[in-house]
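Take a look at the structure set out below.
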Amino acid sequence: MINLPFRPQFADESPYGAPQLDVPVCLNVNENPFAPSAELIADLAKAVGEAAHTLNRYPDRDFFPLREDLSDYLAEESGVRVEPSHIWAANGSNEIMLHVLQAFAGPGRTVVSFAPTYSMYPEYARDTDSKWVVGRRAEDFTLDMDSVRDIVFSARPAVILLASPNNPTGTALPREQLLEILQFAATSGPEEGMASIVVVDEAYSEFRRDGVPSALELLAEYPNLAVTRTMSKAFGAAGLRLGYLAACQEIVDQLTIVRLPYHLSAVTQAAARAALAHRGQLRKQIAELRASRDSLADDLRRLGLDVADSDANFVLFGRFPDRHSVWQGLLDRGILIREVGPEGWLRVSVGTPAENAAFLTALKETM
Ligand SMILES: Cc1ncc(COP(=O)(O)O)c(C=O)c1O
């Protein structure tokens, strides 16, 4: 038998991913439950059809028209105008964050985050041979600033990953805490006097409650800040695979060093621009999903459960002595949610009103 050169660090690893099961109600990966409109589908087909005329050629490597559209979208969504050249895009925000670690972390460097948080973060660190250091969030899933400061100054990370709203808890990072982190991160990097890059992962930002700011507002002042976003969640385009980042020019320029050539296909660019042109439809959907999230949280509390406050399109609830049996009980009734987060908790994505009602009925039966 041939002896393949397996890498020891992957010996006990398995591929990341929530179960993809064919069930009537999928509330497990925080997608927007509303399918694209007939108008959007027609425009997407037209845009992709036009792109097809030049598919024999490599795509536009720098995709400035898409960056301009993303800049317009961010300005409308958050009130912050980001220069198109300060925007970077890739196949999902997962790829964006991998680019950040490839460019700034790697062997001999450290990446820090605070759990419970998005479970892909340690995988980016593993895949870039970066050291992974993880602190704990407080009981209510907020950041304990004393412990954040201690961990950051002892780990001296090249990159700090902070999801806001955080997955799987839904917790947003208050502006004062982010400001404090950005200030001390200006000198907490791998070498004396060097900064750590603070990535604020805003995958769920569009769902934040009124009065919760976006980190984009601090970009102009903090060159060590990078804000990542995605079209996979509120935008209702998880299948498109389009994530993006806003940061200073120097950070974006470094990302262009590590990206693969022509990483964003002509089809993706065309489809993303067509979807962005339909962004007007989103506002109503997002408002509906936010309202459903709040009433779902209230309903779960009325069942006597603990529910984490959420600024995202999902709710973490518990605590169950045997969460797997609750997850399985729901699945047996055709409802797929996610067994993730601290022991005893489960996460449910906000679905359509009918899906939310089906989930609640099944949960009552299961409990
Ligand atoms: C916090 C967070 N960040 C990033 C992502 C990655 O999303 P995508 O690669 O689809 O943009 C996810 C996906 O679930 C997420 O929960």
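The values are calculated or read from the model by the stated rules, or taken from the named source; none is laboratory data. What you are looking at is a predicted structure, and each value in this text was computed from that prediction instead of being measured. Note that each Cβ is placed from the backbone with ideal geometry, even for glycine, and that neighbours are counted across all protein chains shown. Side chains are part of the model used for accessible areas, which takes the heavy atoms of the whole protein and leaves out ligands, DNA and RNA. Shrake-Rupley method; radii C 1.70, N 1.55, O 1.52, S 1.80 Å.
In plain terms, the chain from A291 to E13 could stretch by 96.2 nm, reckoned as 0.36 nm per residue minus the Cα-Cα distance. Decide, for the chain, between rounded, prolate and oblate: order the square roots of the alpha carbon gyration tensor eigenvalues as a ≥ b ≥ c, take rounded if a/c falls under 1.5, and otherwise choose prolate if a/b is larger than b/c, else oblate. Rounded shape, in that the Cα axes give a/c under 1.5. Surface calculation, 1.4 Å probe, protein heavy atoms: K131 sits at approximately 130 Å² accessible. Sorting M194, M120, M367, M231 by solvent-accessible area of protein heavy atoms yields M367, M194, M120, M231, largest first, with a 1.4 Å probe. Placing unit charges on each Cβ (+1 for Lys and Arg, -1 for Asp and Glu) gives the chain a dipole about its Cα centre, and among W327, G170, V258 the Cα reaching farthest toward its positive end belongs to W327.
Selection among P15, A115, V307 by position relative to the dipole of the chain gives P15 as farthest towards the positive end (Cβ unit charges, Cα centre).
The figure for F314 is an accessible area of roughly 0 square angstrom, using a 1.4 Å probe on the protein chains alone. A Förster distance of 22 Å, applied to the separation of the beta-carbon atoms of T361 and A238, puts the FRET efficiency at 0.25. Return the distance in nm (one decimal) between the two label points of a simple spin-label model at E221 and T54, each offset 7 Å from Cα along Cα→Cβ. Reported label-point gap for E221 and T54 is 4.2 nm. Ranking Y16, Y124 by solvent-accessible area of protein heavy atoms (1.4 Å probe, all protein chains present), from largest to smallest, gives Y16, Y124. Think of a 1.4 Å ball rolled over the protein heavy atoms: the range 41-277 then has 40 Å² of accessible area per residue. Between the exposed loop cleavage positions of the chain, defined as GluC sites (Glu not before Pro) in a non-H, G, I, E, B DSSP state with at most 12 neighbouring beta-carbon atoms within 10 angstrom, the longest gap is 14-138.
Diffusion coefficient of the range 68-197 by Stokes-Einstein, Kirkwood radius over Cα pairs, 10 °C, 1.306 mPa s: 102 µm²/s. Note on the chain: GNM, Cα springs under 10 Å; of G334, G304, G135, the largest mean-square fluctuation is that of G304. With all protein chains in place and ligands, DNA and RNA left out, the 1.4 Å accessible area ranks I160, I257, I41 as I257, I41, I160, largest first.
Here the 3J(HN,Hα) profile of the range 23-30, calculated from phi with Karplus coefficients 6.51, -1.76 and 1.60 at θ = phi - 60°, is 10, x, 10, 9, 10, 10, 10, 6 Hz, Gly and Pro shown as x.
Multiplying each eigenvalue of the alpha-carbon gyration tensor of the range 220-264 by 5 and taking the square root yields semi-axes of 22, 16, 5 Å, largest first, rounded to whole angstroms. May I ask for the distance between the Cα centers of the range 241-262 and the range 298-367, given as a whole number of Å? Centre-to-centre (Cα) distance: 37 Å.
Overall form of the range 6-133: prolate. Here a/c, set by the Cα gyration tensor axes a ≥ b ≥ c, is 1.5 or more, and a/b is the larger of a/b and b/c. Apolar share of the accessible surface for the range 41-277: 51 percent from carbon plus sulfur atoms, 1.4 Å probe. Simple rule: put +1 on each Lys or Arg Cβ and -1 on each Asp or Glu Cβ in the range 41-277, find the dipole, and look at S147, L225, A90; the Cα lying farthest toward the positive end is A90. Scaled to the globular estimate 2.2 N^0.38 Å, the Cα spread of the range 10-73, given as radius of gyration, is 1.70. In percent, rounded to a whole number, the relative contact order of the chain is 23, using alpha-carbon pairs under 8 Å and six or more apart. Among the protein heavy atoms, those of T54 account for about 80 Å² of accessible surface (1.4 Å probe, every chain in place).
Count Lys and Arg as plus one, Asp and Glu as minus one, and take only other residues whose Cβ is under 10 Å from that of A158; the net charge is then +2. For the range 41-277, a simple Cβ point-charge model (Lys and Arg +1, Asp and Glu -1, everything else neutral) yields a dipole of about 600 debye relative to the Cα centre.
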